[in-house]
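Just so it is clear, none of the values below were taken in a lab; they were calculated from the coordinates. As the structure is a computational prediction, the values presented were derived from the model and not from experiment. As a convention, Cβ positions derive from the backbone with ideal geometry for all residues, glycine included, and neighbour counts pool all protein chains shown.
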Amino acid sequence: MPRNVVANEMTRSVLITGGAGFIGANLAVRLKEWHPEWHITALDNLRRRGSELNLPRLGAAGVTFVHGDVRAADDLPSDPVDAIIECAAEPSVLAGHGGESPRYVIEANLGGLIHCLELARARGADLIFLSTSRVYPVAALNSLRVCEEPTRFVLEAEQPLPGASACGVAETFPLEGARSLYGASKLCGELLISEYATAYGLRAVINRCGVIAGPWQMGKVDQGVFALWMAAHVFNRPLAYLGWGGTGKQVRDLLHVEDLCELVDRQLTETERFAGQTLNVGGGTANSLSLQETTRLCQQITGRRIAVGSCPENRPADVRLYQSDCRRLEQLCGWRPTRTPEQVLADLHAWMVAHYDLLRPVFGG
């Protein structure tokens, strides 16, 4: 749903870190469209394959691109800034596992945030932090009671832990326990933001995002699963149901990136309403899919069937079911997703078909 642009609104300077990534680039383009008088700067190190494909979009939209790295404080722009949207991250839940050094995920996710916090403190800027549902501990999530239906696992109404219900996982869910190096770096960041807010009067909002999906997402098996699933059907790549018996019944909620953009816009323009809040941001139970169900929808949309293998063993940090309980956010401002999972997948398909030759080196192998 397009926003109405306010012609005489105050000019603002907004810095988006990770601004050539999936979420950052979509935010930059939309914010510039909705607020033409704003100065939008996108900072990115272009480390993730496919992020370079967003540079023409940013330029065409009038967004200023800076090739820099949040790990280096001197790379952050020295120009005045009114708001920072912290999207820069190593988002893989497998980062640092299997003998790999955790240095990058910690330095990018936590060290980079510290540099953003220092910039916000020095300039008096507001901060929107894109955290993750992965702050919730793996063992606790996997202890939730589920029933097994033909195509998916389903949360039961009565749960052993506070903050869990048939509506999903709320912000009051216990945080004790391991979660992944990625999730831990984000949770540490949340704690630092709280301290900066108290010590320096920083106005900040923390969004614990579930799975965000949509066009311009270069999905991988450990991050961006719905884009990966559609890409496998478009570019004829094999898939496999990994973990939880290899049946594809594990469930995630998903949120169209456009729904997220509309929320972040409200958070920028209604700062006092959101300041100090930690909020689950996701599709919720109504906008959730299992891998089995995702396969069926991809087949319907593309008219193709591809091989789907099976590997029953769980990987590190595998979660059987996660759905965001976003009732706190809805009560705060009335926000709820407006786009369905079917629309998310249809939009992914249309984007991939329209940019087939451009995307084939990224998705097609």
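Any chance segment 71-83 includes a residue that's outside any loop (DSSP other than H, G, I, E, B), in contact (Cβ under 8 Å) with a residue 12 or more places away in the chain and more than 24 Å from Trp38 (Cα to Cα)? Taking every residue of segment 71-83 in turn, none turns out to be outside any loop (DSSP other than H, G, I, E, B), in contact (Cβ under 8 Å) with a residue 12 or more places away in the chain and more than 24 Å from Trp38 (Cα to Cα).
Taking strands (runs of 3 or more DSSP E) as the structural unit, those lying wholly within segment 264-365 and holding at least 1 residues that are closer than 30 Å to Ala204 by Cβ, out of contact with any Pro (no Cβ under 6 Å at 6 or more places or on another chain) and in contact (Cβ under 8 Å) with a residue 12 or more places away in the chain correspond to 278-281, 288-290. The sole residue among Leu332, Leu345 that is in contact with a helix residue (DSSP H, G or I) (Cβ under 9 Å, 6 or more places away or on another chain) and within 21 Å of Val211 (Cα to Cα) is Leu345.
With respect to Leu43, determine if the residue is in contact with a His (Cβ under 9 Å, 6 or more places away or on another chain) and either in contact (Cβ under 8 Å) with a residue 12 or more places away in the chain or charged (D, E, K, R) (or both). Yes. Out of Leu332, Leu291, one residue alone is among the aliphatic types (A, V, I, L, M), under 26 Å from Gly183 (Cβ atoms) and crowded, with 21+ Cβ neighbours inside 10 Å. It is Leu291. Filtered by the rule that a residue be touching a residue at least 40 places away in the same chain (Cβ under 8 Å) and part of a loop (DSSP other than H, G, I, E, B), segment 196-218 gives Leu202, Arg203, Gly210, Gly214, Pro215, Trp216, Gln217, Met218.
Would you check if there is a residue in segment 43-61 being within 15 Å of Thr269 (Cα to Cα), of a type outside the set (Ser, Thr, Tyr) and within 19 Å of the chain's Cα centre (by Cα)? Checked segment 43-61: no residue is within 15 Å of Thr269 (Cα to Cα), of a type outside the set (Ser, Thr, Tyr) and within 19 Å of the chain's Cα centre (by Cα).
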